[in-house]
Amino acid sequence: MKKNFSCLCGANIQLDYREEIDIDGKKEYLDEIFNGTFMSVICPSCGKKHKPELKITITWKSKNLKMEVLAELERGEYYRRKKHNLSFQTVIGFPEMADRLAVIKDNLEPVAIETLKSFLLTKAAENYPENDINAWYHCCGAEGIEFHLDGIKPGEIAVMKIPRELYEKTLDDYKKHPKKEIFSSLRAGSYLSVQNLLRPDAFK
Ligand SMILES: [Zn+2]
């Protein structure tokens, strides 16, 4: 579907809006999502890059994934939802979509990753109580799981590594006690995210 909108310079821009994508059918989508070119368009007139967030659905059958991606602007509306379709995983915003797909691609369990993020953010909040800090999954290797934190210093990313054993221990704990508060507090309906711990009272 083509979606038209106008640039600040007045030019008309046409975006290729892919409402439903199937990762198994086209692996290039993953590259586009990871390198930030997915559903982005450059104004032919002034060169400004536009990346409007629109609601999309992602299917990745070989990973048993059906995901709905909401725009950041729909966050409030999501929390007011009365019914949840639990056959879908929900993420909010394109950065979270890219983060979650990277976790799934690396065969990690999102609950354990979001729990580790909550550990990192709790620690960061103790040191920088005034800052609005976000943690993002980056990659995993032999030395551990790497996260990138933004918001500590303007324009800088803090790289944090968590040992693989802590990930395994967290995952094991989750499998034994899935209803434990540290795990259940990460969920709101079909939306699993450390953002659920950070949401303002207005969204509760
Ligand atoms: Zn323009």
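The values are calculated or read from the model by the stated rules, or taken from the named source; none is laboratory data. Nothing here was measured: the structure is a model prediction, and the numbers come from that model. Cβ placement follows ideal geometry from the backbone for every residue including glycine, while neighbour counts extend to all protein chains displayed. In case anyone asks, the SASA skips ligands and DNA or RNA and just uses the protein heavy atoms, side chains included. Shrake-Rupley method; radii C 1.70, N 1.55, O 1.52, S 1.80 Å.
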List every residue pair whose Cβ atoms sit under 8 Å apart, with the two residues 6 or more apart in sequence or on different chains, where the first one lies in region 1-19 and is farther than 13 Å from SER40 by Cα and the second, anywhere, is of a type in the set (Phe, Trp, Tyr) and within 16 Å of the ligand (Cβ to nearest atom). ASN12/PHE5
I'm trying to understand the selection: among the residues of region 129-154, which are open to solvent by 60 Å² or more (accessible area, probe 1.4 Å) and touching a His at 6+ places or on another chain (Cβ under 6 Å)? TRP136, HIS138
Positions within region 19-53 being away from the ligand (no atom under 16 Å from the Cβ), part of a loop (DSSP other than H, G, I, E, B) and surrounded by fewer than 17 Cβ atoms within 10 Å (Cβ to Cβ), in sequence order: GLU19, ASP24, GLY25, LYS26, LYS27, GLY36, THR37
In region 147-196, the residues that are outside any loop (DSSP other than H, G, I, E, B), over 15 Å from LEU121 (Cα atoms) and free of Cβ contacts under 8 Å to residues at least 24 places away in the same chain: GLU165, GLU168, LYS169, ASP172, ASP173, LYS175, LYS176, GLU181, SER184, ARG187
With respect to THR122, determine if the residue is over 22 Å from ILE56 (Cα atoms) and modelled with pLDDT under 95. yes
Residues in region 89-103: is at least one open to solvent by 50 Å² or more (accessible area, probe 1.4 Å), over 13 Å from the mean Cα position of the chain (by Cα) and either of a type in the set (Asp, Glu) or farther than 30 Å from LEU8 by Cα (or both)? no
